[in-house]
Amino acid sequence: MKKIIAFILLSVMIILSGSNSYVYAKINTSKPEFDDAIPVTAMSEPKLELASPAAVLMEGSTGKVLYEKNKDERLKPASITKIMTLLLIFEALEKGQIKLTDDVTVSEHAASMGGSQVFLEPYEVQKVDTMIKCISIASANDASVAMAELIAGSEEEFVARMNKRAKELGMNNTNFVNCTGLDEDNHYTTAYDVALMSRELITKYPQISNYSTVWMDTIVHNTKKGSTEFGLTNTNKLIKSYKGITGLKTGSTSVAKYCLSATARRNNMDLIAVIMAAPDTKTRFMEAAKLLNYGFANYSIYVDDNKDVNPEPVRVVKGVSDYVKGKAGNEFKYLCDKTKSADKIRKEVILYEKIEAPVKADDKIGEIVYYYDNEKIGSVDILALTDVDKAGFMDCFAKILKRFFVAHK
């Protein structure tokens, strides 16, 4: 009996001591490294002749730029500024700071906005949902400022948040001075930056298309003068003519000329075509459609939801449990150009040999590595399904006893 007790105590001490220099090991000895960007085999430069000074075509899920022309040239954005305004509105909705049914009281400042507007009057009250409709369909400056004041207390504070969000998205050539797009000194952005904020809006909040694809609608003004109906008409003509269109926003002023961020979805692929400073309204729609047509004709999206992956449990060192199960962190997307076949994509599941407790749910315990032929093209993390706490002395003692008695049955 003394030998048994001595063996058990020695085993517990070994388990608890561990090695301070322990590092994660993997079944294979080399850890695959990948850039966050999903690569695409370079195609010849598309033969697209555009009259507009600046343009970008981007694929939404990967952020890959498929075509560019002066993408970083700083230009006046006009009302496509409101893409950022709408993004902050939907983020406030998601955080619960506001609700679609909340009342919005129009200030004198908001009602004084010129340019495109829905002629809101001071102290008029509208719902948040109505204001989003006015901004998306009619590009209403007065509704934009009213929402800015609701969310941030003032337009100035809201604009500061717009610029902060722009920096977070990597919009390094953008500076907003207002939330409407009215021409002011030092208010500028680029075709690439517009694509970035458009991508964030349509991928995080696809419900924006419920507003941005409406061709005509009405709102009701309830003021001291009584109730009057006001018609809203969308200025994005692609809504009526382009297959798969999902939005997004037009803009024009005498200085900015004609701008457009056009988004469309076909076969699970979202494309964003940005046109800046087009010479006329017909050109911006024609050239945006040309970019979208090019993208849909030459690219496709490979999607793997990883539902077929059921990884083996990974051993846990110094944990209350000996193993932890895992799951694929998310789906994998790869942008294929017309020279590639999705049949040549394969994947390999690679798990850590062991992991040291404590383990938190969603900690990385491996990855699914994707290859095109023999070229690594990306990966998806395998995440722990549950927490595994660090074992104490009694936990280890109980485990040793269990193993001993099982071995001696």
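The values are calculated or read from the model by the stated rules, or taken from the named source; none is laboratory data. Computed from a predicted model, the values in this text were never measured in an experiment. Reconstructed Cβ throughout: ideal geometry from the backbone, glycine too, with neighbour counts over all protein chains shown.
Numbers at a glance
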| quantity | calculated |
| --- | --- |
| Some residue of the range 220-238 being surrounded by 19 or more Cβ atoms within 10 Å (Cβ to Cβ) and either of a type in the set (Phe, Trp, Tyr) or in a helix (DSSP H, G or I) (or both) | yes |
| Pairs where the first residue, in the range 380-391, is surrounded by fewer than 18 Cβ atoms within 10 Å (Cβ to Cβ) and the second is polar (S, T, N, Q) and part of a loop (DSSP other than H, G, I, E, B), C-beta under 9 Å, 6+ apart | Asp381/Asn330; Thr386/Ser321; Asp389/Ser321 |
| Inter-residue pairs, beta-carbon under 6 Å, first closer than 22 Å to Gly231 by Cβ and in contact (Cβ under 8 Å) with a residue 60 or more places away in the chain and in the range 104-123, second exposed (fewer than 15 other Cβ atoms within 10 Å of the Cβ) and hydroxyl-bearing (Ser, Thr, Tyr), 6+ apart | Glu121/Thr223 |
| Candidates Arg265, Arg315 - the one that is closer than 27 Å to Asp193 by Cβ, touching a strand residue (DSSP E or B) at 6+ places or on another chain (Cβ under 8 Å) and not in a loop (DSSP other than H, G, I, E, B) | Arg265 |
| Residue, surrounded by the fewest Cβ atoms within 10 Å (Cβ to Cβ), within the range 289-303, restricted to residues that are in contact (Cβ under 8 Å) with a residue 60 or more places away in the chain and either of a type in the set (Asp, Glu) or touching a strand residue (DSSP E or B) at 6+ places or on another chain (Cβ under 7 Å) (or both) | Asn298 |
| In the range 283-329, the residues that are more than 30 Å from Ile365 (Cα to Cα) and acidic (Asp, Glu) | Glu287 |
| Criterion: in the same structural domain as Ala92 (by TED's automatic domain parsing), modelled with pLDDT of 95 or more, of a type in the set (Gly, Ala, Ser) and more than 18 Å from Ser136 (Cα to Cα) - qualifying residue of Ala262, Ala256, Ala195 | Ala256 |
